[in-house]
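Trainee: A single structure is presented below for examination.
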Amino acid sequence: MSDTTTEREVNRDAMKVSDEVAISITDMNKWFGTFHVLRDINLTVNRGERIVVCGPSGSGKSTLIRCINRLEEHQAGTILVDGTELSSDLKNIDKIRSEVGMCFQHFNLFPHLTILENCTLAPIWVRKTPKKEAEETAMHFLRKVKIPEQADKYPGQLSGGQQQRVAIARSLCMRPRIMLFDEPTSALDPEMIKEVLDTMIELAEEGMTMICVTHEMGFARQVANRVIFMDAGQIVEENEPEAFFNNPQSERTQLFLSQIL
Ligand code: ADP
Ligand code: MG
């Protein structure tokens, strides 16, 4: 794990948190068969917040964020996204998925499609956006992640960092109001981590609501307004970054931080 920081000034003043609730999770529990993977999760995320989730491997971080766009189903408690409850109601699931973008450790680009086609596929087929408009939007976001010149290449021709930026651009093409990141830099070589974190910082500066599972503690200090520590399926501790890193409360948090910092 590394402590990559960006060299440029991070504009935290631009990262305004509104009073409006974006995500509200109440007494949420999830099991895989008999295995109780998430226990009594309570979490409210306001619009514009940047939450970093950390914790040991197997603590339930991925499962938690996958529950937020229903890649996993919870069995007890409630999850509200922009006021819509995630239940088995397919209409709600569609609505929430259209508002929540997700970016994974392994970029999950379609290898047989060009970068541009990766970015236009869902807008054209799911949103029924006209092809030309979808391509204009895709180029807009490829410029934003600083790789418009790669539009006609295939994922295999790009570096890992470039592929991850394409994955972020592809999510943005669906105009999400919330972005979930699951260890977006942990499969990358160190020199490519920074370019992906810089892209995420820019999103944060534009007011995107973000939940990021990451062990990039430099990023957490610079960007997060709250850090959440999970262990054994529970939220053990949460605090603003300074207090979280300088004065961790629980022994489990202290142990974790002593191992990664
Ligand atoms: P983290 O992201 O913090 O490493 P995960 O959310 O991936 O943790 O996993 C939490 C626990 O749930 C782990 O013990 C993992 O083995 C288990 N788990 C994850 N996905 C499944 C699944 N689909 N079926 C059964 N167990 C799972
Ligand atoms: Mg994980």
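The values are calculated or read from the model by the stated rules, or taken from the named source; none is laboratory data. Computed from a predicted model, the values in this text were never measured in an experiment. In this analysis, Cβ positions are derived from the backbone assuming ideal geometry, glycine residues included, and neighbour counts consider all displayed protein chains. Accessible surface areas use protein heavy atoms only, side chains included; no ligands, DNA or RNA. Shrake-Rupley method; radii C 1.70, N 1.55, O 1.52, S 1.80 Å.
Trainee: Just check region 36-93 against the gyration tensor rule for me: Cα atoms, a ≥ b ≥ c as the square roots of the eigenvalues, rounded for a/c under 1.5, and otherwise prolate or oblate depending on whether a/b exceeds b/c.
Mentor: In terms of gyration-tensor shape, oblate.
Trainee: Starting from the Kirkwood radius over alpha-carbon pairs of region 6-53, derive D by Stokes-Einstein at 10 °C in a medium of 1.306 mPa s and give it in µm² s⁻¹.
Mentor: Diffusion coefficient, whole number: 119 µm²/s.
Trainee: Per the Kirkwood definition applied to all pairs of different Cα atoms, how many angstroms is the hydrodynamic radius of region 39-132?
Mentor: 15.6
Trainee: While we're looking at this one, here's another question. Mind listing the phi-derived Karplus ³J(HN,Hα) values for region 49-57, rounded to whole Hz, using 6.51, -1.76 and 1.60 with θ = phi - 60°, and x for any glycine or proline?
Mentor: Taking θ as phi minus 60°, the curve returns 6, 10, 9, 9, 10, 10, x, x, 4 Hz for region 49-57.
Trainee: Can you classify region 86-221 as rounded, prolate or oblate using the Cα gyration tensor, where a ≥ b ≥ c are the square roots of its eigenvalues, rounded means a/c under 1.5, and otherwise it's prolate if a/b beats b/c and oblate if not?
Mentor: The shape class here is oblate.
Trainee: Of 61/91; 95/131; 30/144; 30/91; 16/153, which ones are farther than 32 Å apart at the Cα?
Mentor: The pairs that break the limit, which is 32 Å between Cα atoms, are 30/144; 16/153.
Trainee: May I pose another question? Suppose each label sits 7 Å from its Cα in the direction of the beta carbon; what would the residue 42-residue 240 distance come out to in nanometres?
Mentor: The answer from the label model is 2.2 nm.
Trainee: So what is the relative contact order for the chain, in percent, with contacts set as C-alpha pairs under 8 Å and at least six apart?
Mentor: In percent, rounded to a whole number, it is 29.
Trainee: Shifting gears a bit: Can you tell me the orientation of helix 190-205 relative to the chain, as the angle in degrees between its alpha-carbon axis and the longest Cα principal axis, to the nearest 10?
Mentor: On a 0 to 90 degree scale, this one is about 90.
Trainee: Rounded to the nearest whole Å², what accessible area per residue is found for region 60-104 with the 1.4 Å probe?
Mentor: 42
Trainee: Once amide H atoms are placed 1.01 Å from N in the peptide plane, what residues at a sequence separation of 5 or more from residue 226, or on another chain, have their amide H within under 5 Å of its amide H?
Mentor: Distant-sequence amide H within range of residue 226: 50, 52.
Trainee: Further question: For the chain, which whole percent of the accessible surface, found with a 1.4 angstrom probe, sits on carbon and sulfur atoms?
Mentor: 49
Trainee: Next question, about the same structure. Across 10 Å bins from the origin, how do the percents of Cα pairs in the chain run, short distances first?
Mentor: Going out from 0 Å in 10 Å bins, the chain shows 7, 30, 36, 22, 5, 0 percent.
Trainee: Please tell me the relative contact order of region 7-142 in percent, rounded to the nearest whole number, where contacts are Cα pairs under 8 Å and at least six residues apart.
Mentor: It rounds to 19 percent for region 7-142.
Trainee: Gap in Å between the Cα centre of region 4-76 and the Cα centre of region 147-204?
Mentor: The two parts, judged by their Cα centres, are 20 Å apart.
Trainee: If you don't mind, there's one more thing I want to ask. From the backbone phi of region 138-151, what are the Karplus-calculated ³J(HN,Hα) couplings (6.51 cos²θ - 1.76 cosθ + 1.60, θ = phi - 60°) in whole Hz, Gly and Pro given as x?
Mentor: Rounded to whole hertz, the list is 4, 5, 4, 6, 5, 5, 4, 8, 6, 9, x, 6, 9, 3.
Trainee: At 222 nm, what helix-only mean residue ellipticity would the chain give, in deg cm²/dmol to the nearest 500, using -39500 (n - 2.57) for each DSSP H run of four or more?
Mentor: Estimated from H runs of four or more residues: -11000 deg cm²/dmol.
Trainee: What relative contact order, as a whole-number percentage, does region 196-261 give when Cα pairs under 8 Å and 6 or more residues apart are counted?
Mentor: 22 percent.
Trainee: Still on this structure, please answer the following. With θ taken as phi - 60° and the coefficients 6.51, -1.76 and 1.60, list the Karplus ³J(HN,Hα) couplings across region 71-81 in order, rounded to whole Hz; mark glycine and proline as x.
Mentor: 6, 10, 9, 8, 10, 9, x, 10, 10, 10, 10
Trainee: Another one. What does the extension gain come out to for residue 92 and residue 131, with contour length at 0.36 nm per residue minus their alpha carbon separation?
Mentor: Full extension of this stretch gives 11.4 nm more.
Trainee: Take the eigenvalues of the Cα gyration tensor for region 203-261, scale each by 5, and report the square roots as semi-axes in whole Å, largest first.
Mentor: Largest first, region 203-261 gives 21, 12, 10 Å.
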